[in-house]
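Read through the structure below, which is laid out as structure tokens, and then see the notes.
The values are calculated or read from the model by the stated rules, or taken from the named source; none is laboratory data. Predicted, not measured: the structure shown is a model, and the values here were computed from it. Here Cβ is always computed from backbone atoms with ideal geometry, including for glycine, and neighbour counts include all displayed protein chains. The protein model used for the area step is the full one, side chains on, heavy atoms only, and it has no ligands, DNA or RNA in it. Shrake-Rupley method; radii C 1.70, N 1.55, O 1.52, S 1.80 Å.
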Amino acid sequence: MTESGTPRPGPEHRRLEAFVGRWETRGEVLAGPHGPAVPIAGVDSYEWLPGGFFLLHRVDVRMGGEPVEALEVIGHDADAGGYFMHSYDSQGSAGTMRASEQDGVWTFQGEAERFTGGFGDGGRVLSGRWERREGPEWIPWMDVTLTRAG
């Protein structure tokens, strides 16, 4: 907060800066009981909303031949620690997840899906694995790599 009382983003918000930019997204939905492997290709972008407290994440990919678009808002939750994520997609779904970072490893977790991954190559690459909950078990779902464009 400034001397005038105007709120300012803190270090917990600046940790999200690593995501900001346009990313080329590649990966694969893994083969499993729900079907064969399916390629993923497209673009993810992250940008600050005015004020610098929230990130807007846009997803525009194809999973196999199917387009998938989504919007997500990410912000810091001071009371719970970590970050909240609210998403809305082109297939009519909405969801929430929590995000945290420890020792360079980011985890995004919702009730039925989670991502674990991190940045490499000087922040130019973000890669990791998505898993889905099947009963009490987490099973591998997708492997993704985002490479900073430009």
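Descriptive notes on the structure:
- Per-bin percent of Cα-Cα distances, the range 37-79 [5 Å]: 6, 21, 21, 17, 13, 11, 8, 3, 0
- Atom-type composition of the exposed protein surface of the chain places 53 percent of the accessible area on carbon and sulfur (1.4 angstrom probe).
- Gyration tensor (alpha-carbon) shape descriptor, the range 64-150, a/c threshold 1.5: rounded
- Size descriptor for the chain, Kirkwood hydrodynamic radius: 16.4 Å (Cα pairs only, one decimal).
- Evaluated with a Cβ-only charge set (Lys, Arg +1; Asp, Glu -1), the chain carries a dipole of roughly 280 debye about its Cα centre, given to the nearest 20.
- Percent of Cα-Cα distances greater than 15 Å, calculated over the range 95-137: 46 percent
- Gap separating the Cα centres of the range 20-78 and the range 81-150, nearest whole Å: 9 Å
- When the range 19-94 is reduced to its Cα atoms, the Kirkwood hydrodynamic radius in Å: 13.9 Å
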